[in-house]
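Contents: one structure, followed by commentary.
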Amino acid sequence: YRRHLLLHCFPSIASLISHSLPPSPPPPPPPLTDLLRVVSRRLVLATKTQSITTMATQEEECKGNVKAQLAKLFEVSLKVTVPNEADVDPLIAACTGKFGDYQCNNAMGLWSKIKGKGTQFRGPPAVGEAIKNNLPTSEMIDSCSVAGPGFVNVVLSKNWMAKSIQKMLIEGIDTWAPQPPVKTAVVDFSSPNIAKEMHVGHLRSTIIGDTLARMLEFSKVKVLRRNHVGDWGTQFGMLIEFLFEKFPNFEDATETAIGDLQAFYKASKQRFDSDPAFKERAQQAVVRLQGGEEKYRRAWAQICEISRTEFHKVYQRLGVHLEEKGESFYNPYIPGVIEGLTKQGLVEESQGARVIFIEGINIPLIVVKSDGGFNYASTDLAALWYRLNEEKAEWIIYVTDVGQQQHFDMVFKAAKRAGWLPQGDNYPKASHVGFGLVLGEDGKRFRTRNTEVVRLVDLLDEAKNRSKAALIERGKGEEWTEEEIESTADAVGYGAV
């Protein structure tokens, strides 16, 4: 067969072949169409056989995802059906009609690609039939049918479903989790500012971030839950000076003594804006704090600790666990990171500041301000460098409102220019998960410094109290213990929030 196929298909090399032929004339070859049919059948059989042998491994890789398992089967069929069309991804969706459980929707798209290329098919339904007929045998499929313009409908086997559920129950549901191609991820979420109490606007980042962290942990990914609190910057000069005024022996100050942190922050800001002498002292306090002066560092630590205690009360109620690594943690790494980027030629001088220009964005990323100070971009670049190089994270997810989308887009693009992250969507990678803003009655974003915002702890208290009142109104106070009432009010109230 090989010899005849070569002689018929490649007459230009027939003379070379003839030197190796036996002296006796060969028998007359079968028609070329028969030869090609035999070869085609053998190739199909080989492809199916090879694919079926890997099915067990592939099923193991995505056993918790029926759609992914079906995609593996249809991937084999598509390679056999249209071997000359590269990179055809199976289009698997839940069945919308009554014809099955899932459907493969590749036929129409394939027909638009192959018509006019001398194809054997005569329209999408014929392509659909071929896809169905070329499916490898699998115990997960009970039956297949083709409907309309080539939709391949699949009915799952009830026996296979029963066996799968039984296996899941025996092995444990966590063994069926999806398997992302990463071992370590950072989820950066919640991240309130020190000396500002958490308000309702902080709820989304906290809950969405915690949800993403739980999902990744369920999928056997090591998750570093990072609370990137705002614990550094110019506002601390103002807060420290105000603390010194209110509490000459500041180390005795506690959350009870200070009272409402929100009110403390607003009062210090009001003093900063209205008293030039206080403003000057506050600016000097920033310099002393950043210079490492002991008294100012202790005062800063005291303010941070009071805030931390308040944050913890909220996280405890919500069942959220975080590890704090605030802005101050990355501050020592900033000079080295900026120096490295400068050596690569990425950092340029612009109007007294040092910036990184990003292609397609008309404003630069400022990494050193004109007064020589650092900013959010400096800290975020240092944090990204640390997470990639020190913590070896393969996926870094930032959960903030959409107002910060462009900022993170610029940080990620700068990291790609520096070679920290690969181009495209490969790992390691960084992602921004944005959500809508929580607005006040004036239609503007909540800001602690100038708006009467709803404190998150008050919202949670109110939700619990109303749930408890509803339970008692329904007569549960007589049926349940006080402990049962409290735990149910917690679950219903906080769950509703």
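Overview of results
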| item | result |
| --- | --- |
| Qualifying residue in the stretch 366-373 (condition: open to solvent by 10 Å² or more (accessible area, probe 1.4 Å) and in contact with an Asp or Glu (Cβ under 9 Å, 6 or more places away or on another chain)) | no |
| Wholly enclosed helices (runs of 4 or more DSSP H) of the stretch 99-189 bearing at least 1 residues touching a residue at least 40 places away in the same chain (Cβ under 8 Å), of a type in the set (A, V, I, L, M, F, W, C) and open to solvent by 70 Å² or more (accessible area, probe 1.4 Å) | 107-114 |
| Verdict on Ala383 being open to solvent by less than 30 Å² (accessible area, probe 1.4 Å), at pLDDT 95 or above and within 20 Å of the chain's Cα centre (by Cα) | yes |
| Lys196 vs. criteria open to solvent by 20 Å² or more (accessible area, probe 1.4 Å) and out of contact with any Phe, Trp or Tyr (no Cβ under 7 Å at 6 or more places or on another chain) | no |
| Residue that is least open to solvent (accessible area, probe 1.4 Å) [pool: residues in the stretch 391-445 that are of a type in the set (Asp, Glu) and not in a strand (DSSP E or B)] | Glu391 |
| Residue match in the stretch 445-455 (condition: modelled with pLDDT under 95 and acidic (Asp, Glu)) | yes |
| Selection status of Gly345, surrounded by fewer than 15 Cβ atoms within 10 Å (Cβ to Cβ) and within 31 Å of the chain's Cα centre (by Cα) | yes |
| Among (1) loosely packed, with under 11 Cβ neighbours inside 10 Å; (2) part of a loop (DSSP other than H, G, I, E, B), the one test that Gln316 misses | (2) |
| Lone unmet requirement of (1) open to solvent by less than 40 Å² (accessible area, probe 1.4 Å); (2) at pLDDT 95 or above for Arg466 | (1) |
| Matching entry among Glu241, Glu294, Glu217 (being at pLDDT 90 or above, under 30 Å from Ala383 (Cα atoms) and touching a Lys or Arg at 6+ places or on another chain (Cβ under 6 Å)) | Glu241 |
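The values are calculated or read from the model by the stated rules, or taken from the named source; none is laboratory data. All of these numbers come straight from a predicted model, not from anything done at the bench. Don't worry about glycine lacking a Cβ; one is built from the backbone with ideal geometry, like all the others, and counts go over all protein chains shown. Just the protein is used for accessible areas: all its heavy atoms, side chains included, with ligands, DNA and RNA removed. Shrake-Rupley method; radii C 1.70, N 1.55, O 1.52, S 1.80 Å.
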